[in-house]
Amino acid sequence: MKDADIVDTAIEGLTARRVWDSRGNPTIEVEIRCASGATGRAIAPAGASRGTREAIDLRDGGDRLGGVDVRRAVSGVTDMIAPLLRGRDAADQAGIDAALIACDGTKLKSKLGGNAMVAASLAVLHAAAAARGVPLWRHVADLTGQTPSLPLPEIQIFGGGAHAGRRVDVQDFMVMVPGAGSFDEVLEVTSEIYRAAGAIMARKGKLAGVADEGGWWPSFDSNEEALETLVAAIEAAGETPGERVVISLDIAASEFGSNGRYRLALEDRELDRGQLIDLLGRWIDAYPIASIEDPLAEDDSEGMVAFTALYGDRLQIIGDDYLVTNAALVDAAAAAGACNAVLIKVNQAGTVSESIECAARARKHGFRGIVSARSGETEDVSISHLAVGLGAGQLKVGSITRSERTAKWNECLRIAGALGPGAYAGGAALAGTWWGRKGDDT
Ligand code: PGA
Ligand code: ZN
């Protein structure tokens with residue numbers, strides 16, 4: 001980078017404020033101003049089904065606002081992060097993130113708070129891009145050395161687990177449309193499926209509302225009923241399940257299991273790890289499922305390895321709670337054969353640089369990458385740009401409703417216009433799964 005750029009991208013000022021997320025909870029926004037006058041702003045998202053090894057959000061505790069206020073985290077930005085960053089070069093993302101990590105000094109970022117750190121780290125990224133006069137996705141691609149690519153979406157139709165009062169055990173019932181030729185076509189096909197699902201559920205008295213990530217809040221009697229309804233919705237939308245459209249599940253098994261035991265509350269039964277793997281195996285055989293996230297709990301490496309040995313050559317198997325966007329855990333999972341894809345959530349890691357490192361490590365091991373939102377979100381669209389600039393291949397932000405979700409999809413549509421049609425990852429993101437091989441045959 002030229003010397004002139006360094007002067008322009010020097011950080012002059014930093015502001016932190018309390019703002020609100022899609023669950024009505026307080027969260028933290030950081031705004032950074034560079035010497036050139038360029039500004040960058042970002043908001044921390046918040047998870048509800050959090051991994052125990054992810055960066056900790058600093059919350060005030062106590063009775064007010066359910067204990068989730070962020071006044072301490074906001075003060076920490078003003079008192080500790082602002083003096084640390086003032087005068088530094090915003091274009092030096094790695095140096096700034098290293099300084100944030102050193103200042104925090106804890107394993108799970110509990111001193112400054114992962115929420116304060118991620119908002120500051122992403123705001124730096126935005127400010128540097130603005131000062132350079134390039135779109136955020138381009139700035140990320142320059143930092144990572146990756147070719148920008150528009151991701152294949154993974155879109156929720158029904159919510160469950162911690163996002164829908166545990167009305168079904170499985171957390172996310174999603175579709176992917178790897179057979180569509182463009183991002184725009186994926187959204188259109190998915191919107192038809194979402195409408196069809198709602199109509200079927202309403203007719204059968206199974207529609208209870210809308211879940212945290214915008215998917216329907218179901219009142220099904222079993223997890224299988226959800227899968228049957230999803231297949232029916234895909235067909236009602238005029239599609240043949242397994243052709244253009246496939247199913248993707250986030251089991252989020254850490255939410256209902258530990259120590260190799262799993263409690264399916266909806267069906268009132270307890271399974272051991274082998275029985276859960278058998279159950280998932282029956283679903284994989286019966287339904288066109290191409291991707292499964294956290295099939296076993298975060299403490300169940302034995303189960304993850306056994307599951308991946310059985311299904312890793314057919315499916316995308318994603319570690320979310322299991323990997324918490326941690327490069328060292330990705331290394332360990334690759335060595336053990338415990339999954340073959342990583343969910344990338346910047347606030348699990350706590351900084352942009354650690355997320356970039358995790359994505360790079362995943363690529364080295366041949367893991368697929370899925371950039372992901374949290375269940376508590378805002379209008380912040382940084383992750384759309386990250387997915388493109390990391391060349392991650394896939395993006396998961398919840399459903400095709402609610403503005404904190406559609407903001408991300410709509411930003412991708414804008415980026416699509418700038419990138420041109422050749423840059424869409426599409427079905428190639430599922431190469432190596434049964435769907436990808438089917439594509440090879442035709
Ligand atoms: P969370 O879950 O954002 O509520 O933690 C999302 C996911 O498990 O993918
Ligand atoms: Zn998950």
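The values are calculated or read from the model by the stated rules, or taken from the named source; none is laboratory data. Quick caveat: nothing in here was measured; it's all calculated off a predicted structure. Backbone-built Cβ (ideal geometry, glycine too); neighbour counts: all protein chains shown. Surface areas here come from the heavy atoms of the whole protein model, side chains and all, with no ligands, DNA or RNA. Shrake-Rupley method; radii C 1.70, N 1.55, O 1.52, S 1.80 Å.
Between ARG437 and LYS111, residue separation times 0.36 nm minus the direct Cα-Cα distance comes to 112.6 nm.
Placing a label point 7 Å from the Cα of ALA335 along the Cα-to-Cβ line, the residues of the stretch 299-313 whose backbone N sits under 19 Å from it are 299-306, 308-309. Oblate is the label for the stretch 86-210, because the ratio a/c of its alpha-carbon gyration tensor axes (a ≥ b ≥ c) is 1.5 or higher and a/b is not greater than b/c. All Cα-Cα distances of the stretch 1-103, cut into 5 Å bins from zero to the largest, leave 2, 12, 19, 22, 18, 13, 8, 5, 2, 1, 0 percent in each bin in turn. Helix 403-419 and the long axis of the chain differ in direction by around 80°, with both axes built from C-alpha atoms. In the chain, the C-alpha radius of gyration followed by the widest Cα-Cα span (Dmax) gives 21.0, 66 angstrom. With a Förster radius of 25 Å applied to the C-beta separation of THR15 and GLU379, the computed FRET efficiency comes to 0.90. Farthest towards the positive end of the charge dipole of the stretch 79-204, among the residues VAL168, LEU125, ALA90, is the Cα of VAL168, using unit charges on the Cβ of Lys, Arg, Asp and Glu.
With a Förster radius of 51 Å applied to the C-beta separation of ALA208 and ARG86, the computed FRET efficiency comes to 0.55.
Estimated at 0.36 nm per residue, the fully extended path between THR52 and SER182 surpasses their Cα-Cα distance by 43.1 nm. Label sites at SER301 and GLN275, each approximated as a point 7 angstrom past Cα along Cα to Cβ, lie 2.6 nm apart. In whole Å, how far is the Cα centre of the stretch 392-442 from that of the stretch 213-228? Cα centres, the stretch 392-442 to the stretch 213-228: 24 Å. With a threshold of 21 Å on the Cα-Cα distance, the over-threshold entries among LYS107/LYS364; LYS345/LYS408; LYS396/LYS438; LYS345/LYS396 are LYS107/LYS364; LYS396/LYS438.
The dipole here belongs to the stretch 171-270: it is taken about the Cα centre, uses +1 on the Cβ of Lys and Arg and -1 on the Cβ of Asp and Glu, and is about 240 debye. Taking the Cα centre of the stretch 1-123 as origin and assigning +1 to Lys and Arg Cβ atoms and -1 to Asp and Glu Cβ atoms, the resulting dipole is close to 460 debye. Positive-end ranking of THR433, VAL397, ASN410 along the dipole of the stretch 347-436, with charges on Cβ about the Cα centre, is headed by THR433. From most to least packed by mean Cβ count within 10 Å, the peptides 56-64, 313-321, 231-239 give 313-321, 231-239, 56-64.
Mean sequence separation of contacting Cα pairs (under 8 Å, at least six apart), scaled by the length of the chain, corresponds to a relative contact order of 19 percent.
Stretched out straight at 0.36 nm per residue, the stretch from GLU235 to ARG314 would grow longer than its current Cα-Cα span by 26.1 nm. For the stretch 312-372, averaging the sequence separation of C-alpha pairs within contact (under 8 Å, six or more residues apart) and dividing by the residue count gives a relative contact order of 37 percent. In percent, rounded to a whole number, the relative contact order of the stretch 1-103 is 30, using alpha-carbon pairs under 8 Å and six or more apart.
For HIS163, the solvent-accessible surface computed with a 1.4 Å probe is close to 10 Å², ligands and nucleic acids excluded.
For the stretch 85-127, the residues whose backbone nitrogen is under 17 Å from a point 7 Å from the Cα of ARG72, taken along Cα to Cβ, are 104-118. Tilt of helix 183-203 relative to the longest C-alpha principal axis of the chain, in degrees (0 to 90, nearest 10)? So the helix axis and the longest Cα principal axis differ by about 50 degrees. Taking the Cα centre of the chain as reference, the dipole from Cβ charges on Lys and Arg (+1) and Asp and Glu (-1) amounts to some 780 debye. The long axis of helix 273-286 is offset from the longest Cα principal axis of the chain by roughly 70 degrees. Each helix, a run of at least 4 DSSP H residues, gives -39500 (n - 2.57); summed and divided by the residues of the chain, these come to -12000 deg cm²/dmol at 222 nm. If you take the alpha carbon atoms of the stretch 33-151 and fit the smallest convex hull around them, that volume is 132 Å³ per residue. Assuming a ≥ b ≥ c are the square roots of the Cα gyration tensor eigenvalues, decide whether the stretch 266-389 counts as rounded (a/c under 1.5), prolate (otherwise, with a/b larger than b/c) or oblate. Prolate. In the full protein context, the chain carries 35 Å² of accessible surface per residue, based on a 1.4 Å probe and ignoring ligands, DNA and RNA. Judged by the mean number of other Cβ atoms found within 10 Å, the most tightly packed of the peptides 424-437, 15-28 leads the ranking 424-437, 15-28.
Annotation for the stretch 95-171 versus the stretch 312-384: alpha-carbon center distance of 11 Å. Counting protein heavy atoms only, the chain has 49 percent of its accessible area on carbon and sulfur, 1.4 angstrom probe.
Taking the alpha carbon gyration tensor of the stretch 345-413, multiplying each eigenvalue by 5 and rooting it gives semi-axes of 21, 12, 10 Å, largest first. The simple spin-label model puts a point 7 Å past each Cα toward its Cβ; for ALA265 and ARG414 those points are separated by 3.9 nm.
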